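The values are calculated or read from the model by the stated rules, or taken from the named source; none is laboratory data. Since we're looking at a predicted model, the values are computed, not measured. Here the Cβ positions follow ideal geometry from the backbone for every residue, glycine too, while neighbour counts run over all protein chains shown. Side chains included, ligands, DNA and RNA excluded: accessible areas come from the protein's heavy atoms. Shrake-Rupley method; radii C 1.70, N 1.55, O 1.52, S 1.80 Å.
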Amino acid sequence: MWRVALLLAVFCVCDGLKFGRLCSGNSHNSRRTSDRWGQGHYGASRGDRTHKGVDVVCRDGSVVYAPFDATLHGNIIVYTDPQKAAINNGINLRADGLCFKLFYVQPDRTSGSVRKGDRLGTMLPMQSVYPGITSHVHVQMCDRTDPMKYF
Ligand code: ZN
């Protein structure tokens with residue numbers, strides 16, 4: 001047991017960036033577990049590749065909030081497939097030397113700075129592309145490492 005405690009102590013980013021509420025209707029940033037389309041944790045299987053982000057539950061049309069003080073660095077093209085155009089947007093956030101991508105968000109704006117809790121935009125209609133999925137914002141680090149330590 002002490003080994004676990006030691007590991008937690010070593011890897012804890014105790015004074016670093018922490019996610020506040022990302023989506024209206026999900027005050028604790030509950031994450032997607034499992035649905036007919038897959039699972040929402042980092043490293044989940046996506047057929048021949050793995051999931052490089054964490055999926056935070058967010059109903060279609062919900063307000064998406066800045067989870068920390070950040071600067072905005074443009075929108076994100078998620079897909080090349082025109083069949084997925086309805087959810088093909090997102091926003092790039094930077095803070096504390098870290099870079100995050102939020103997928104499936106229609107951003108209100110794509111530059112400037114935001115404070116934690118400010119409105120960033122709207123959750124796109126994920127059910128129209130993936131019927132039955134747990135609609136979610138996909139949170140990905142720009143370097144594709146595991147973002148869980150920031151939750
Ligand atoms: Zn995802």
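At a 1.4 Å probe radius, carbon and sulfur cover how many percent of the accessible area of the chain? Kindly include the intermediate steps, with their values, before the conclusion.
On the way: 4330 of 8280 Å².
Roughly 52 percent, rounded to a whole number.
Distance between the 7 Å Cα→Cβ label points at residue 111 and residue 59: 3.6 nm. Max-minus-min Cα coordinates of segment 91-147 on each principal axis give 36, 26, 16 Å, with the largest extent listed first. Take the alpha-carbon centre of segment 125-143, take the same for segment 58-112, and report the distance between them in whole Å. Rounded to whole Å, the Cα centres lie 11 Å apart. Report the residues of segment 98-130 in range of a label on residue 86: point 7 Å along Cα→C-beta, backbone N strictly under 12 Å from it. From segment 98-130, the list is 124-130. For the peptides 99-105, 63-69, residues were scored by their other Cβ atoms within 10 Å and the scores averaged per peptide; the highest-first order is 99-105, 63-69. Given +1 at the Cβ of Lys and Arg, -1 at the Cβ of Asp and Glu and no other charges, the dipole of the chain around its Cα centre is 160 debye to the nearest 20.
With the contact rule set at Cα under 8 Å and sequence spacing of 6 or more, what percent relative contact order holds for segment 17-150?
Details: 346 pairs, mean separation 39.1, N = 134.
Across segment 17-150, relative contact order equals 29 percent.
Remark on segment 17-150: Rg and Dmax equal 13.6, 38 Å (Cα only). Placing a pseudo-label 7 Å from each Cα along the Cα-to-Cβ vector at residue 146 and residue 30 gives an inter-label distance of 2.3 nm.
Run lengths n ≥ 4 of DSSP H only: what is the helix-derived mean residue ellipticity at 222 nm for the chain, with -39500 (n - 2.57) per run over all residues, to the nearest 500? List each step's numbers first, then the result.
Numbers: 1 runs with 10 residues, N = 151.
Result for the chain, helices only: -2000 deg cm²/dmol.
Taken along the Cα-to-beta-carbon direction at a fixed 7 Å, the label points for residue 69 and residue 94 span 1.7 nm.
Using the 1.4 Å probe convention, the accessible area of segment 17-150 works out to 49 Å² per residue with neighbouring protein chains retained.
For residue 50, what is the net charge nearby, where nearby means another residue's Cβ is under 14 Å from its Cβ and Lys, Arg count +1, Asp, Glu -1? Can you show the working numbers first?
Working: positive: 46, 49, 52, 144; negative: 48, 55, 146.
Net of charged neighbours comes to +1.
The residue among 58, 38, 91 whose Cα reaches farthest toward the positive pole of the charge dipole of the chain, with charges on the beta-carbon of Lys, Arg, Asp and Glu, is 38.
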